[in-house]
Amino acid sequence: MPYQLNENEYTVMGGDFNACVNLTTRSCTCRVFDIDKIPYIHAIAAAGLYRPQHTGSYIYSLCSEYYTSDYWMLAYAETIYHVPPESQWHNIPEEVRAIKVVEQDVKMFRGRPRLTRFPSQGECIVKKYKCATCGQGGHNSKKCPNLAHPSDVRSST
């Protein structure tokens, strides 16, 4: 839940961590907004309170210009050559050869991966069911009251 402290600062309360967001300096006490230069959940909540009518465009303006398509095109404007096979590598300095790259420990969880995200605290997600058969809300096609049940169909013939 965001609360305005002054013209540019907001406190966002929720979960285990309360964050202080400054939209002018583009900073947050969680440091994600400062480091990634892209609005994190605290900054998005504060931006929604700051400009409720234009939240989407305002959040986009809070992102660093390095995330714009112009910067991405500049990054890939020059030719990028492939890395040749290791047998063709020559004149590699010893200090570079001495560097050992260690694999990162990645913990894989059992089962099918979750496809939907967990909702944030204070966010209410309402699932609206719509029947594919009759188009009305509140039920699905299995529980559609407008259809004759299979047992009714068999008994009538």
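No value in this document is a laboratory result; all are computed from the given coordinates. Note that this is a predicted model, so its numbers are computed, not measured. Note: ideal-geometry Cβ built from the backbone for every residue, glycine included; neighbour counts use all protein chains shown.
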Problem - Cα centroid separation, the range 43-59 to the range 91-110 (Å) - result: 41
Completion exercise
For the range 13-156, the charge dipole (Cβ of Lys, Arg +1; Cβ of Asp, Glu -1; about the Cα centre) points to a positive end, and the Cα of C131, P119, P145 closest to that extreme belongs to P145
Fill in the blank from the handout: Longest principal axis of the chain (C-alpha) makes with the long axis of helix 41-50 (C-alpha) an angle, in degrees to the nearest 10, of 70
Completion exercise
Those chymotrypsin sites (Phe, Trp or Tyr not before Pro) from the range 66-141 that are DSSP loop and have at most 12 other Cβ neighbours within 10 Å turn out to be Y76, Y81, W89, F109, Y129
Handout entry: All-pairs Cα distance distribution in the range 11-157, expressed in whole percent, bin size 5 Å
Key = 2, 6, 8, 8, 9, 9, 11, 10, 9, 8, 6, 4, 3, 3, 1, 1, 0, 0
Problem - Three-way shape label, the range 1-68, alpha-carbon gyration tensor, a/c 1.5 - result: oblate
Completion exercise
Proximal lysine pairs in the chain, meaning Cα under 23 Å and 8 or more positions apart or interchain, come to 6
Exercise for the section: Scan the chain and hand back the longest stretch that contains none of the GluC sites (Glu not before Pro) lying in DSSP loops with at most 12 other Cβ atoms within 10 Å. Expected result: 8-77
Fill in the blank from the handout: Summing -39500 (n - 2.57) over every DSSP H run of at least 4 residues in the chain and dividing by its residue count gives a helix-only mean residue ellipticity at 222 nm, to the nearest 500 deg cm²/dmol, of -6500 deg cm²/dmol
